[in-house]
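First the structure, in the form of structure tokens, and then the observations on it.
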Amino acid sequence: MELFELPAWKLGKMMESGEVTAVEVVESVLSRIEEREEILHCYNEVYGEEALQEAEEIDKRRKGGEKLPPFAGIPVAVKDNICVKGKDITCSSKILKGFISPYDATVIRKIKSQKMIIIGRTNMDEFAMGSSTENSAYGVTRNPLDTSKVPGGSSGGSAAAVASGEAIVALGSDTGGSIRQPAAFCGVVGFKPTYGLVSRYGLIAFASSLDQIGPITKDVRDAAAMLEIIAGKDNYDSTSLPVKVPHYSTMLEDDISEIRVGIMEEYNAEGVSEEVIEGIEEVIDIFRTMRVNVKSVSFPHMEYALPCYYIIAPAEASSNLARYDGVQYGISEETVEDIRELYRKVRTSGFGKEVKRRIMMGTYVLSSGYYDAFYLKAQKVRTLIRHDFERAFKDVDVIIGPTSPTVAFGIGERTADPISMYLSDIFTIPANLAGISAISIPLFKDGNLPVGIHIVGKALGEIDILKVSYKLEQELKERGLYHGI
Amino acid sequence: MDVRHIAKLSNLELTEDELREMEEHFNAIMEYFKKLSSVDTERVEPTFYVIKHQTPMREDRVEKGLEREDVLGIAPHTEGGYIRVPRIR
Amino acid sequence: MGYETVIGLEVHCQLLTDSKLFCGCSTDYIGKEPNTNVCPVCLGLPGSLPVLNKKALEFALKAAIALNCEILPYSHFYRKNYFYPDLPKAYQITQYDIPVGRHGWIELPYSHKRIGITRIHLEEDAGKLVHPTKTGRIEHATYSLVDYNRAGVPLIEIVSEPDFSSPSEAREYLMELRSIVQHLGISDGNMELGSMRCDANVSVHREGEGLGVKVELKNMNSFKALERALNYEVERQIKLIKSGGRVEQETRHWSEPEKKTISLRGKEEAQDYRYFPEPDLLPIYVDEEILESIKSDMPELPANRRKRFVSMGIGEKEASIMVIEKSIGDYFEEAVKYFGDAKSIANWILGDFLGELNRAGLEIQDSRVKPHQLGRLLTLIKDGTISGKIAKKVFSIMFDTGDDPDEIVKREGLVQIVDRSEIEKVVEEVLSANPDAVESYRKGKANIFNFLVGQVMKATKGKANPNVVRDILQKKI
Ligand SMILES: [Mg+2]
Ligand SMILES: [Zn+2]
């Protein structure tokens, strides 16, 4: 096995025991990048030189007898919408070309304090708007499992990097499924924490009330460990929850017999593919054989989640993206008559089609005369969706369903039809609307593309879904439905 | 709905073709959104915030900000420490 | 047929917090190099997030209590979306449907009219634009410069009901409002420096008819400017209506050099601010406990202070003038500690002192004359060491030098002559030098007496005690 194939927790141990060095780990990942990047295009930029230097530094300190944090020297890929001081950050948009962040996001400060090594910034759908990483101003990312397929999105670059070994772990952001759906498509683990568990300070906003940063990893153990690193109250984010972060990774092997498991009744709705339904049924079977009582739970307002999301998210986005106007940073225009022309020219040439579409949609639903009918209505329906979950969580602790209605689809297959693209997030969106926690873990069968198993937990129910998904992962291994890479 | 007006509010310039396409997309989406109007939301409060507690507050203390070079260094046009913008009207 | 005027005011006051509303940058931006007082938050850099300044909320609540507002137990922030280069995020974080306070009132000090306060809310200030042309006017500039040092400074916006029926009432209100925020210690209310800004809505209509079309006035940078602008605008609208024209609903700028209001045409496309709740902040809950702690910490307000000053023996008008600028009231109270006759202190402050301050362009707190020195000066008059007339001269020297009055009196030899024999000598000299005057006095020209007193005073360089002079003259003549 190559080093780039291993999860972070294993590499961390190996580095600590002196079995391998950080330089070897980084070199392994960089060589994989060398090998695969041209086809896959996971990254908008790779920090090869710096990563090696940092690795050397870490090895030196370790040799000097210094005790370093467990993930010191682990290469982490960062989605190109999380600010790293002194580095370019583009959100895969032309409009931010040339913008260098003068500050670190809170999660970046935390990762740096763990001595993890930022290996590069990953490709994404422009401003996280998309489900395939095809809406990038810097080219599409391909699915490492089948390069004719999309990696999902919007954190497609991060998911593809972890799946291909171009990174050991990665950070993504999830507004309507942007961590979980690409993780499902690429066959890795993707975690969207409870809204407010991880600081958004330094995450370039798409839809502020829905966005969360989370890890994309090779297995559940890594997800738990990464979550421990990045979670926690942050005084620079008013929506950050004042909670103490549990030691998730030490609880993974705990007994789950007390955890009540629900199955989302709507998993075999219209538009859900055969292989996905089979995957879920396989999982139900696994729980039955584990003698875990599985209960069916229903979500009467499920069908409204998508239209609700496609009102709220664009509305917030239209406001969040208004600041990109060529005045303070990013691209500009040389010869314009006046400020209005500057705004128009910069925004028209700087934003891609999907972003313009959503800005206009958001502007529309907030504009005078339409606010009540669309925006306010959607926020009320959001309450009903939250209530669906509250009701369900009286009976169960976690809810299992598919991450996406299909496995990874072909590149270019859905670009012409935005609504078909939007539909691929139909199962992930409700968790964002309700602000609760959710994970996707992959189920591989017969060499086919993986099916994402979606496990949703309560607000701050991270422990439950991590324990259940860890157990499920073990069972999938047993049954030969799992492969790391 | 007036796509032109929305484009103007958004400070986006669309060609005739793009406007037409956008309008089609809007109509399709709006059709889809109509689903919502069938939901009874009488006596339902909107969820503007999924977190229920009060907004945290800072003590009134001055903290060091950015160096001017960092501010002006990323700006496309500057003059004498200011950021320069075209004619405002 | 007569015309009626309807005016409402929107006042913005910068709060005297140390740091900005949503970040830790200093609020002390005046005179700073451009763009040196900024951070990712107030620059609206991608990824930055706001965190509310606790003190700013307390200040806003203080204002709401002082303005007799209903305090809402729950409020939250909104985004007001519009593109302008001084607004880094392209939205202003402000309040909308639920402000900090609403339905309040204040009573005007002179006319005793009660003015309704519609609402008071918290919001952030924008940056500053510089228009590099000779006129400094935006429409003459070929480009503009932006300084974000002011961006994010906390403001309260106080919206009045359209309760003013004249420009002078509006001015009276604004002065009272400034006095209130000064007494609360939440804003310095300086219109010239822009820490207090005022927009007005003005309409006129024929008596007995419905309300006229509202015009919004901006850019009034002093109390005088406000009154002038309102007067101009009222006249303009009446003239327009009289001549059969129609008042347009528009925003007009007051031009101080031209002494007129100017329409800003072209900019007037219908605004659509697309307000929606700010998702980056959570709601504010104001519970009884917070309110009680703020209430228990309320300083004395102008209305009460005026009453108290009157009870100290000062006229109502004098009391009002001394309260309208908090620092004058403070000075007065301090001086009274050193000289108990409040009325004399008030007369001095409102007379010679304010005159000197105006000439020097100084605020009372910046004067070299300290309250105890003024008290001492009045003590010197009272105990007869100097005359009232000499005191004016002494004060003028005090004002320039800051020296103690005793020292000035000594140095300049200004001690009053009370020694009768000394004065008698001078009186005799004056009488013998003016035989004609003495003659005509005796023939019945009574007012010659004052001339003779004047001659004695002159001969003693004003130092003789005038009462003693009169007494001796009376006897000698
Ligand atoms: Mg305002
Ligand atoms: Zn700041």
message: Going by what's in this entry, would A:Glu282 be described as more than 10 Å from chain B (Cβ to nearest Cβ), of a type in the set (D, E, K, R) and under 26 Å from the mean Cα position of the chain (by Cα)?
response: yes
message: Could you tell me how many of the residues in the stretch A:9-32 are in contact with a strand residue (DSSP E or B) (Cβ under 6 Å, 6 or more places away or on another chain) and under 26 Å from A:Lys149 (Cα atoms)?
response: 1
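Take C:Leu57 and tell me if it is under 21 Å from C:Leu16 (Cα atoms) and of a type in the set (A, V, I, L, M, F, W, C).
yes
Suppose we filter the stretch A:363-389 for residues that are at negative phi, more than 7 Å from chain B (Cβ to nearest Cβ) and not in a helix (DSSP H, G or I); how many remain?
The total comes to 2.
Looking at the structure I just gave you, is C:Tyr232 within 14 Å of chain B (Cβ to nearest Cβ) and among the aromatic types (Phe, Trp, Tyr)?
no
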Qualifying position, being within 16 Å of ligand 2 (Cβ to nearest atom), basic (Lys, Arg) and assigned by TED's automatic domain parsing to the domain that holds C:Lys55, among C:Arg137, C:Arg150, C:Arg171: C:Arg150
statement: When (1) basic (Lys, Arg); (2) part of a helix (DSSP H, G or I); (3) surrounded by fewer than 19 Cβ atoms within 10 Å (Cβ to Cβ); (4) in contact (Cβ under 8 Å) with a residue 40 or more places away in the chain are applied to C:Arg171, the one that fails is (3)
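Wholly within the stretch C:278-395, which helices (runs of 4 or more DSSP H) include no fewer than the required count, namely at least 2 residues that are under 22 Å from C:Leu184 (Cβ atoms) and under 26 Å from the mean Cα position of the chain (by Cα)?
So the answer is C:288-295, C:302-311, C:316-324, C:326-338.
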task: State which residue pairs qualify: first residue among the small types (Gly, Ala, Ser) and inside the stretch A:430-446, second residue part of a loop (DSSP other than H, G, I, E, B) in any location, beta carbons under 6 Å apart, and separation of 6 or more residues or different chains.
output: A:Gly435/A:Tyr195; A:Gly435/B:Val50; A:Ser437/A:Pro193; A:Ser437/A:Thr194; A:Ser437/A:Gly461; A:Ser440/A:Thr403
Hits in the stretch A:80-101 - residues which are surrounded by fewer than 24 Cβ atoms within 10 Å (Cβ to Cβ) and outside any loop (DSSP other than H, G, I, E, B): A:Asp88, A:Ile100
message: Give me the residue from the stretch C:1-19 that is away from ligand 1 (no atom under 16 Å from the Cβ) and under 30 Å from C:Cys42 (Cα atoms) and, out of that set, farthest from the chain's Cα centre (by Cα).
response: C:Ser19
task: Just give me the residues in the stretch C:41-74 being within 13 Å of chain B (Cβ to nearest Cβ) and under 31 Å from the mean Cα position of the chain (by Cα), in sequence order.
output: C:Cys42, C:Leu52, C:Asn53, C:Lys54, C:Lys55, C:Ala56, C:Leu57, C:Glu58, C:Phe59, C:Ala60, C:Leu61
task: Report the residue count in the stretch C:115-150 for those that are touching a Leu at 6+ places or on another chain (Cβ under 7 Å), away from ligand 1 (no atom under 14 Å from the Cβ), in a loop (DSSP other than H, G, I, E, B) and over 15 Å from B:Arg89 (Cα atoms).
output: 1
query: Quick check: anything in the stretch C:62-78 under 30 Å from B:Leu12 (Cβ atoms) and either in contact with a Lys or Arg (Cβ under 9 Å, 6 or more places away or on another chain) or in a strand (DSSP E or B) (or both)?
result: yes
- request: For residues that are more than 8 Å from every other protein chain (Cβ to nearest Cβ) and of a type in the set (Phe, Trp, Tyr), tally how many sit in the stretch A:302-323.
  value: 1
- prompt: Before we move on, is A:Ile39 among the hydrophobic types (A, V, I, L, M, F, W, C), modelled with pLDDT of 95 or more, assigned to a helix (DSSP H, G or I) and surrounded by fewer than 19 Cβ atoms within 10 Å (Cβ to Cβ)?
  reply: yes
field: Positions within the stretch C:368-390 being of a type outside the set (S, T, N, Q) and at pLDDT below 90, in sequence order
entry: C:Asp383, C:Gly384, C:Ile386, C:Gly388, C:Lys389, C:Ile390
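Only residues that are small (Gly, Ala, Ser) and more than 20 Å from A:Asp395 (Cβ to Cβ): list them for the stretch A:450-468, please.
Correct list: A:Gly452 only.
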message: Please go through (1) away from ligand 1 (no atom under 16 Å from the Cβ); (2) closer than 30 Å to A:Ser209 by Cβ; (3) part of a loop (DSSP other than H, G, I, E, B) for C:Leu87 and return the number of the only condition it doesn't satisfy.
response: (1)
field: Filtered residues of the stretch B:31-89 (kept if at the interface with chain C (Cβ under 8 Å from one of its Cβ atoms) and hydrophobic (A, V, I, L, M, F, W, C))
entry: B:Phe48, B:Ile51, B:Met57, B:Val62, B:Leu66, B:Val71, B:Leu72, B:Ile83, B:Val85, B:Ile88
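Is there a residue being within 19 Å of A:Asn81 (Cα to Cα), modelled with pLDDT of 95 or more and within 14 Å of another protein chain (Cβ to nearest Cβ) anywhere in the stretch A:182-189?
No - not one qualifying residue is present in the stretch A:182-189.
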message: Looking at the stretch C:15-34 only, could you name the residues that are within 11 Å of ligand 2 (Cβ to nearest atom) and in contact (Cβ under 8 Å) with a residue 60 or more places away in the chain?
response: C:Lys20, C:Leu21, C:Phe22, C:Cys23, C:Cys25, C:Thr27, C:Tyr29
query: Taking the stretch A:332-362 on its own, how many of its residues are within 23 Å of the chain's Cα centre (by Cα), within 8 Å of chain B (Cβ to nearest Cβ) and part of a loop (DSSP other than H, G, I, E, B)?
result: 1
statement: Of the residues in the stretch C:20-56, those that are surrounded by fewer than 24 Cβ atoms within 10 Å (Cβ to Cβ) and either within 16 Å of ligand 1 (Cβ to nearest atom) or not in a loop (DSSP other than H, G, I, E, B) (or both) number 4
- line: Across the stretch C:35-45, the tally of residues that are near ligand 2 (Cβ under 7 Å from one of its atoms) and over 18 Å from C:Leu155 (Cα atoms) stands at 1
- request: Quick one: count up the residues across the stretch C:90-106 that are assigned to a strand (DSSP E or B) and in contact with an Asp or Glu (Cβ under 8 Å, 6 or more places away or on another chain).
  value: 9
- line: Among C:Arg79, C:Arg150, the single one that is more than 14 Å from chain A (Cβ to nearest Cβ), in contact (Cβ under 8 Å) with a residue 24 or more places away in the chain and surrounded by 20 or more Cβ atoms within 10 Å (Cβ to Cβ) is C:Arg150
query: Is there any pair with a first residue in the stretch C:90-108 that is among the aliphatic types (A, V, I, L, M) and a second that is within 16 Å of ligand 2 (Cβ to nearest atom) whose Cβ atoms are under 8 Å apart and which are 6 or more apart or on different chains, and what are they?
result: C:Ala90/A:Arg323; C:Ala90/C:Gly44; C:Ile93/C:Leu21; C:Ile93/C:Phe22; C:Ile93/C:Pro50; C:Ile93/C:Glu123; C:Ile93/C:Glu124; C:Ile93/C:Leu281
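The values are calculated or read from the model by the stated rules, or taken from the named source; none is laboratory data. Just so it is clear, the model here is predicted, and its values are computed rather than measured. Cβ: placed from backbone, ideal geometry, glycine included. Neighbour counts: every protein chain shown.
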